[in-house]
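The structure appears below as structure tokens.
Throughout, read-outs are computed from the coordinates displayed, never taken from laboratory work. Not measured: the values here are computed from a predicted model. Methodologically, a virtual Cβ is constructed for each residue, glycine included, from the backbone with ideal geometry; neighbour enumeration extends over all protein chains shown.
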Amino acid sequence: MFLLLGRYLRPVDEVELHLDAHREWVREHAEAGHVIAAGREVPLQGGLLVAVGVTRDQVDAMIAADPYVTEGVAEYDVREYDMVLAAPGAEALKQ
């Protein structure tokens, strides 16, 4: 499992110019089963994605295609975890 911790590099109003394209990018990866959760940080300074069933190389390729990254408004800190426990209903975290 990977946590992709997004951090905005530009003011929020600039980031939001690319929000629709970014959300479509997230939807595509969610529909493929690679992103199982996504959300905005509070207060708004970035966001979080939870990716499963992918390798680090695949995560890096995903990130490189994110409109936020291609437009230079955000970057990601990627952290990998070997999940050993998941609550009932959250078994996808152990992929």
Taking a ≥ b ≥ c as the square roots of the eigenvalues of the Cα gyration tensor, with a/c under 1.5 meaning rounded and otherwise prolate when a/b exceeds b/c and oblate if not, segment 38-88 is oblate
Please state the shape class of the chain: rounded when a/c is under 1.5, otherwise prolate if a/b exceeds b/c and oblate if not, all from the C-alpha gyration tensor. prolate
Specify the angular offset, from 0 to 90 degrees and rounded to the nearest 10, of the alpha carbon long axis of helix 19-31 from the longest principal axis of the alpha carbons in the chain. 20 degrees
Distant-in-sequence amide H partners of Ala37 (H built 1.01 Å from N, under 5 Å): Val50
Among Leu9, Val50, Tyr76, which residue has its Cα positioned farthest towards the positive end of the charge dipole of the chain, with +1 placed on the Cβ of Lys and Arg, -1 on the Cβ of Asp and Glu, and the dipole taken about the Cα centre? Val50
Per DSSP H run of at least 4 residues, take -39500 (n - 2.57); add these up for the chain, divide by its residues and hand me the 222 nm value, nearest 500 deg cm²/dmol. -8500 deg cm²/dmol
